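Notes for the one structure printed next.
The values are calculated or read from the model by the stated rules, or taken from the named source; none is laboratory data. None of the values given here were measured: they were computed from a predicted structure. Cβ: placed from backbone, ideal geometry, glycine included. Neighbour counts: every protein chain shown. Only protein heavy atoms, including side chains, enter the accessible area calculation; ligands, DNA and RNA are left aside. Shrake-Rupley method; radii C 1.70, N 1.55, O 1.52, S 1.80 Å.
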Amino acid sequence: MLAHFAGDFLTARERFRRAAGECGARLQSYPIDAPGPNGEALSVDAAYFGAPNPTRALLVSSGIHGIEGFAGSALQQAFIHDLAPAADGRTGILLVHALNPYGFAHLRRVNEHNVDLNRNCLQSFPGPGNEGYRSFRDLLDPYSSRVHADFFTIRLLLRALRYGFAATQQAIAGGQYTFADGLFYGGDRRQPSIDIFERILHDAPVAGAGLVIHIDVHTGLGSYGDYQLLPTEPLEAATLRQLRKWFGDRAIIGSTNPASVNYSASGSVRELSTRVFASARVYALTLEFGTFAPLRVLQALRRENWLHHHGGDSVFSRKIKAELLQCFCPRAARWRNALLSQGLSVLQQALHALSAPSP
Ligand SMILES: [Zn+2]
């Protein structure tokens, strides 16, 4: 199972394509303009399995946050290996591999324009204001030349005590559309990868599906080695009930749940799939696998953003990239096995939900 985790983007893409091809999937490749670290061509890849005119569809996307694609790609490969050929005659399964191939290949969470693509799926720009981010900008953004010894954690904790922890998380991670060199920047225009994603949804034969479950795979939020499913908010009571029936009470975390480590963000890819399948009943979920404490993850993101803007190839630079990778795809076999087994059981639950007579 652990062999599904690739060491780089090109290997992951190759394995995904080979596994899907061997299972008879229809494969399509969508190149992006930005090259990989050695000048190689990068692409978003789509594999379609199942019915030619499905009335129900399962859509599984990975790697919208670049480096999180190591885990997402591994889960997609394991899914092809274990479950995809078992789809019934009326269900189509569309796997979208590495929505942010640049970030995956360059070990970044954002894309070639420093944009967080999961804040970029807006209907119009500019995106909503976020005054809160401004209050943390001096701590987060890449000014300091002493990023490795600047008491960031203590300074952020002191600031958060004043500001409130939930408000701090919302201000920082909720997305911002003002500072192009900052973190969680949603961009000032629609990004090419998002256009590609929309094209993939139109190219695959899923347009006529009346029931769609979209699972977008992420890592880095929540408890280590555990998962949660985050639905699109606001959430109607009937939708919440339905999701809990399919995926279990514990797994579905709405923002009203006190166990939530979530925050609200605009422009997520779930909004886009919900818009594209306008006439269908769409259940769009973020599948999040937790890794380390939020402060550690934020520190890793901040240092990598600093490195990107200041450059340099040194032992320290390699450490920064290694720590970011560790924060989004921990090396421990226990974590990786947990991700695959829990992820497969969620995807199995989704297929089961789609095969029910009348959900
Ligand atoms: Zn993510």
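Would you mind stating whether residue 240 is open to solvent by less than 10 Å² (accessible area, probe 1.4 Å) and either not small (Gly, Ala, Ser) or not in a loop (DSSP other than H, G, I, E, B) (or both)? So residue 240 does not fit the description; no. Of all residues in the range 247-274, those that are within 18 Å of residue 219 (Cβ to Cβ) have Cβ atoms under 9 Å from Cβ atoms of residues that are at pLDDT 80 or above and basic (Lys, Arg), 6 or more apart or on another chain, in 251/244; 265/119; 268/119. Hey, can you tell me all the residues within the range 48-67 that are within 16 Å of the ligand (Cβ to nearest atom), out of contact with any Lys or Arg (no Cβ under 7 Å at 6 or more places or on another chain) and not in a loop (DSSP other than H, G, I, E, B)? Matches in the range 48-67: 60, 61, 62.
Would you check which residues across the range 79-109 are assigned to a loop (DSSP other than H, G, I, E, B), of a type in the set (A, V, I, L, M) and open to solvent by 10 Å² or more (accessible area, probe 1.4 Å) and list them? Passing the criteria: 83, 87, 107. Within the range 3-11, is even one residue surrounded by 14 or more Cβ atoms within 10 Å (Cβ to Cβ), free of Cβ contacts under 8 Å to residues at least 60 places away in the same chain, touching a Pro at 6+ places or on another chain (Cβ under 7 Å) and of a type outside the set (A, V, I, L, M)? For the range 3-11, residues surrounded by 14 or more Cβ atoms within 10 Å (Cβ to Cβ), free of Cβ contacts under 8 Å to residues at least 60 places away in the same chain, touching a Pro at 6+ places or on another chain (Cβ under 7 Å) and of a type outside the set (A, V, I, L, M): absent.
Taken over the range 350-359, the criterion of being surrounded by fewer than 17 Cβ atoms within 10 Å (Cβ to Cβ) and either among the polar types (S, T, N, Q) or touching a residue at least 40 places away in the same chain (Cβ under 8 Å) (or both) is satisfied by 352, 355, 358, 359. Somewhere in the range 107-117, is a residue under 19 Å from residue 270 (Cβ atoms), of a type in the set (Lys, Arg), within 16 Å of the ligand (Cβ to nearest atom) and touching a Leu at 6+ places or on another chain (Cβ under 7 Å)? So far as the range 107-117 goes, yes, one or more of its residues are under 19 Å from residue 270 (Cβ atoms), of a type in the set (Lys, Arg), within 16 Å of the ligand (Cβ to nearest atom) and touching a Leu at 6+ places or on another chain (Cβ under 7 Å). Under the condition of being open to solvent by 50 Å² or more (accessible area, probe 1.4 Å) and of a type in the set (Lys, Arg), the residues counted in the range 261-280 number 1.
Quick check: is even one residue across the range 221-234 among the hydrophobic types (A, V, I, L, M, F, W, C), out of contact with any Asp or Glu (no Cβ under 8 Å at 6 or more places or on another chain), at negative phi and buried (at least 19 other Cβ atoms within 10 Å of the Cβ)? No, the conditions are met nowhere in the range 221-234.
If the condition is being farther than 22 Å from residue 293 by Cα, of a type in the set (A, V, I, L, M, F, W, C) and open to solvent by 40 Å² or more (accessible area, probe 1.4 Å), then the range 162-189 contributes only 180. Does residue 278 satisfy the condition of being of a type in the set (A, V, I, L, M, F, W, C) and more than 16 Å from the ligand (Cβ to nearest atom)? When the stated conditions are applied, residue 278 passes them. No other residue among 330, 359 is modelled with pLDDT of 95 or more, of a type outside the set (A, V, I, L, M) and assigned to a loop (DSSP other than H, G, I, E, B) apart from 330.
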